[in-house]
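Step one of this worksheet: look at the structure below.
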Amino acid sequence: MRIIQPGPLTLQETSLQGLKFKGYHQETLQITVLEEDIIRVQHFPDGKPRLMRTWSIVDKYGDVPLEGRSRENLSAFKLPAFNISKSTDKVQFSTSKMRVEINITDGRLVWCTQPDHIIFASDLQRRAYSYDQNGETIFHYVERRSDEHYYGFGERSGPLDKYGRRMRMLNLDALGYDAEIGDPLYKHIPFYITYIPGLNLAYGLFYDNLSTSIFDMGQERDNYYGHYRYYQAEAGDLDYYLIFGPQISDVVQKFSKLIGHPALPPRWSLGYLGSSMLYTDAENAQDALNEFITDCEKHQIPCDMFHLSSGYGSGADGKRYVFNWNFEKIPDPKKMVADFHQAGIHLMANIKPCLLESHPLFDEVAKFDGFIKDSESGNPRLDYFWDGYGSHLDFTNPTTFNWWSSNVQKWLLDYGIDATWNDNNEYPIWDDDAICFGFGEEIKIKHIRPLQPYLMVRSSLQAQFAHAPEKRPFLLARSASPGTQRHAQTWSGDNETSWKTLRYNIPMGLGLSLSGFPNTGHDVGGFTGPGPSEELLVRWVQNGIFHPRFTIHSWNTDGTANTPWMHAEVLPIIRETIKFRYRLIPYLYTQFFEAFRNGHPIIRPMVYQFPDDENCHQESFDFMLGPNLLVASVLEPEQRMRQVYLPKGQNWVDIHTGTNYEGGQTVQLEAPLEHIPLLVIAGSVLPQMRDMRFMGEKPDDVRLLYLYPDSGENERTTLLVEDDGISLKYKDGDYTEIYLTLNSTHEKTHLDIQYGHKGYQTPYNHFEVILPHGEFRPLTISCPEGMSATIRS
């Protein structure tokens with residue numbers, strides 16, 4: 001490496017969009033004012049972009065064409081006017097929200113609030129925009145304050161606050177990773193939030209670069225530069241967006257809009273999603289799968305979907321082949337699908353984007369140059385994958401893209417499969433210069449490795465839309481980059497069975513939720529290792545039901561399968577826990593709708609909702625489900641009491657006992673094996689539905705409203721959103737908002753039920769209202785016309 005700086009700079013151009021500077025070695029530094037609170041900075045060491053396209057930043061319609069968007073297309077932004085001033089060594093410009101100062105000598109930027117000019121971020125002197133003159137590595141160095149907190153980074157191990165951590169973004173198949181310290185993992189989302197409590201201010205930095213990257217948040221020290229943090233990318237250009245909050249919630253919502261809001265999944269996907277590799281690995285897989293259906297019914301376990309692991313496609317040689325039914329293990333796939341559907345259970349099939357050399361379709365793909373090519377030979381690039389060497393499909397080749405889509409239709413959807421599980425798509429190609437077709441302009445894999453899994457999802461999505469154009473598609477993807485959330489759900493990959501994993505999977509999901517990807521979850525019980533103990537399984541299920549994705553999955557080393565009934569002694573507890581998940585779906589589904597509509601996280605770290613409470617700034621394990629429900633998981637064996645900190649500024653109600661607590665204190669709560677501590681903000685309503693074995697099993701003709709009034713004077717409104725849960729009609733306004741306002745005084749309580757937007761006829765016209773234990777104040781209820789309510793004693 002030969003590290004140099006672009007300075008001194010010369011202001012070359014001022015336009016309505018921003019400023020352009022030239023560096024000493026003909027580098028370009030370009031600053032664009034996109035919004036009053038979003039400013040983009042680009043550094044091109046070669047003087048021009050190394051990659052002209054982006055797949056991360058959406059257009060004004062909220063999506064991106066398959067071939068990507070020009071990075072210079074700014075049509076999605078308002079491009080407001082800004083003020084500019086110049087001096088000998090500085091250039092300043094300002095919007096209504098921010099003022100930015102550019103130092104001509106070394107190119108560093110200093111960011112201030114407007115109009116009070118408080119500095120909240122500064123590039124590092126003499127090092128801000130370093131780059132390798134002999135290679136392609138680029139850097140961004142920023143000063144680091146001791147009172148800052150860093151959240152986001154997609155899905156990373158360890159506690160929520162990444163201050164002092166060093167993380168590498170390189171998507172890997174990280175089987176059995178350490179959830180506390182393991183790195184790198186499965187996803188590439190180069191975004192984080194800086195929160196400065198002393199200024200009550202947050203801002204985000206998003207680096208639109210898909211090459212292998214490093215974030216050092218204070219682990220590195222250099223005596224000559226003071227305290228700093230930095231971003232490093234192995235290829236491409238520096239192209240970052242600074243998103244001014246001022247609150248964490250503002251940053252998250254603005255970032256979500258920038259990269260596109262998450263898809264709204266079908267309502268049934270919020271149920272229990274069964275899985276275990278043991279079923280499809282069995283020689284008599286069809287019989288084993290039927291046993292799962294029978295066991296759900298026998299043990300009265302609600303279930304809405306089952307994952308077909310890759311064993312359904314194993315060949316005679318035992319190797320796993322995509323688009324290849326093993327008819328010896330599953331003699332009649334269509335009957336197998338029909339049996340699941342008869343039980344109300346959808347099916348999702350595992351698919352992988354690498355074809356082994358022995359794959360029956362390998363030569364077919366090679367003939368149309370459908371694989372990523374080796375940089376030296378130009379032949380299909382071979383890398384080790386599962387059972388041998390294979391070649392990865394190149395989804396930047398339209399022929400490959402359509403080939404995949406047609407085979408999803410032929411081998412899965414035509415058999416009745418409902419959804420696709422886009423798995424093992426990290427693209428472990430150990431040739432940075434391997435060649436991708438690039439939609440007609442060749443691109444080296446080092447620039448777009450995480451793009452391939454995104455395009456894989458898009459290809460599967462194309463097939464699912466073509467097959468059922470009126471239905472919401474449901475897709476799952478393990479590896480992801482910004483954009484994947486627009487189309488698919490994800491999960492934290494192949495975790496290890498341990499109490500530590502249960503604990504640290506929580507901040508992994510919370511960090512991803514702050515990074516624009518709220519539809520996530522974990523393999524409950526742990527994917528690899530010996531099967532979980534009775535207690536560990538119970539505590540994991542009690543935690544897992546409050547995540548957006550709830551699945552129990554495994555490939556246990558002791559030959560067991562993680563299922564709700566694997567330990568008979570605790571089956572009643574697990575059954576009741578899963579039933580509570582189902583009853584809570586109306587509240588949970590509303591959070592999904594708000595994520596789709598506004599970018600709100602579904603599960604939220606405490607600091608997201610309570611940034612003014614310093615006790616929440618580093619809380620990694622307790623979290624909020626939506627705006628009302630605090631989840632305090634039990635994360636240690638034999639723990640039957642739990643201390644829970646209740647954020648200040650509101651009162652709280654224990655949903656198990658009805659006890660009111662004042663915020664701003666730590667309380668000791670019972671945590672018997674039967675349940676974990678759960679509290680709601682006083683004044684909340686938790687809408688629920690009746691017990692069902694699967695979504696649609698019974699008419700959904702009543703909505704249960706569990707009220708948790710404050711012990712004193714208080715008013716709080718809870719939103720409930722309803723639609724058909726299946727179609728795409730919600731996009732045309734076919735949904736209904738119901739506002740539930742609970743007002744309390746010391747003497748009485750009142751529930752006011754009002755419509756907001758009313759575009760969907762709910763299947764119910766009656767509410768059953770339930771008060772907590774020990775609540776004796778008189779309750780009155782007002783309902784809109786056509787609705788009624790009764791109080792359940």
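If you roll a 1.4 Å probe over the range 355-488 with all protein chains in place, what percent of the accessible area is carbon or sulfur? Please report the intermediate quantities before stating the final value.
On the way: 2230 of 4640 Å².
Carbon and sulfur atoms account for 48 percent of the accessible area of the range 355-488.
Please work out the FRET efficiency for the pair Ile119 and Asn402, using the Cβ-Cβ distance as r and a Förster radius of 45 Å; give the result to the nearest 0.05. The pair Ile119/Asn402 has a calculated efficiency of 0.30. The residue list Leu278, Ser256, Leu242 was ranked by how far each Cα lies along the charge dipole of the range 144-290 toward its positive end, using unit charges on Cβ atoms, and Leu242 comes out on top. Ranked by the mean number of other Cβ atoms within 10 Å of their residues, highest first, the peptides 283-294, 606-617 fall in the order 606-617, 283-294.
What does the charge add up to near Glu662, with Lys and Arg as +1, Asp and Glu as -1, over the other residues with Cβ less than 11 Å from its Cβ?
Working: positive: Lys648; negative: Asp710.
Around Glu662, the surrounding residues sum to 0.
Carbon-plus-sulfur accessible fraction, the range 664-711 (probe radius 1.4 Å, protein heavy atoms only): 47%. Residue ranges 359-369, 395-405, 81-91 sort as 395-405, 359-369, 81-91 when ordered by packing (mean number of other C-beta atoms within 10 Å per residue, highest first). Of the residues Thr95, Thr745, Val408, the one whose Cα sits farthest toward the positive end of the charge dipole of the chain, with +1 on the Cβ of Lys and Arg and -1 on the Cβ of Asp and Glu, is Thr95.
Atom-type composition of the exposed protein surface of the range 217-327 places 46 percent of the accessible area on carbon and sulfur (1.4 angstrom probe).
Rank by packing, highest mean first: peptides 687-696, 244-253, with packing defined as the count of other Cβ atoms within 10 Å averaged across residues. Please report the intermediate quantities before stating the final value.
On the way: 687-696: 18.7, 244-253: 21.6.
Descending packing order for the listed peptides: 244-253, 687-696.
Here's the picture: charge each Lys and Arg Cβ at +1 and each Asp and Glu Cβ at -1 in the range 562-686, and of Val667, Ser620, Ile655 the one pushed furthest to the positive end of that dipole is Ile655. With the simple model of a label 7 Å out from the Cα in the direction of the Cβ, Lys298 to Arg126 spans 7.3 nm. DSSP beta bridges fully contained in the range 430-560 are about 20 percent antiparallel. Enumerate the residues in the range 708-724 having an amide nitrogen under 19 Å from the point lying 7 Å beyond the Cα of Gln754 toward its Cβ. The answer is 714-722, whose backbone nitrogens lie closer than 19 Å to the label point. Remark: the Lys335-Phe465 segment gains 44.4 nm on full extension, using 0.36 nm per residue and subtracting the alpha carbon distance.
Under a model in which nothing but the beta-carbon of Lys, Arg (+1) and Asp, Glu (-1) is charged, the chain shows a dipole of about 1480 debye around its Cα centre. Summing Cβ point charges (Lys, Arg +1; Asp, Glu -1) relative to the Cα centre of the range 609-695 gives a dipole of roughly 360 debye.
Which entry in [x] 1.31; [y] 0.97; [z] 1.05 is this structure's computed Rg/Rh (Cα atoms, Kirkwood Rh)? Identified label for the calculated read-out: [y]. Kirkwood hydrodynamic radius of the range 524-656, from the reciprocal of the average inverse Cα-Cα distance over all distinct pairs: 16.4 Å.
Ranking Trp411, Trp55 from most to least accessible surface, computed with a 1.4 Å probe over the protein chains only, gives Trp411, Trp55. Summarising the strand pairing of the range 650-793, around 70 percent of its internal DSSP beta bridges are antiparallel. Taking the helices alone, the chain has a mean residue ellipticity at 222 nm of -5500 deg cm²/dmol, built from -39,500 (n - 2.57) per DSSP H run of at least 4 residues and averaged over all its residues. Beyond 29 Å in Cα-Cα separation lie the following of the pairs Lys48/Lys86; Lys298/Lys329; Lys373/Lys471; Lys162/Lys731; Lys319/Lys500: Lys373/Lys471; Lys162/Lys731; Lys319/Lys500. Placing a label point 7 Å from the Cα of Tyr384 along the Cα-to-Cβ line, the residues of the range 419-450 whose backbone N sits under 15 Å from it are 428-431.
Can you tell me the accessible area per residue over the chain, all protein chains present, probe 1.4 angstrom, in square angstrom? Before the final figure, lay out each step's value.
Numbers: 27730 Å² over 793 residues.
Normalised by residue count, the accessible surface of the chain is 35 Å².
Taking the Cα centre of the range 438-498 as origin and charging only Cβ (+1 Lys, Arg; -1 Asp, Glu), how large is the dipole, in debye to the nearest 20? If you can, show how the numbers build up before the last one.
On the way: 8 positive and 5 negative charges, 24 e Å.
So the magnitude is around 120 debye.
The values are calculated or read from the model by the stated rules, or taken from the named source; none is laboratory data. Computed from a prediction, not measured in an experiment: that's the story for all the values here. When we count neighbours, we look across all protein chains shown, and the Cβ atoms used for this are built from the backbone with ideal geometry, even at glycine. Note: accessible area is taken over every heavy atom of the protein model, side chains too, but ligands, DNA and RNA are not part of it. Shrake-Rupley method; radii C 1.70, N 1.55, O 1.52, S 1.80 Å.
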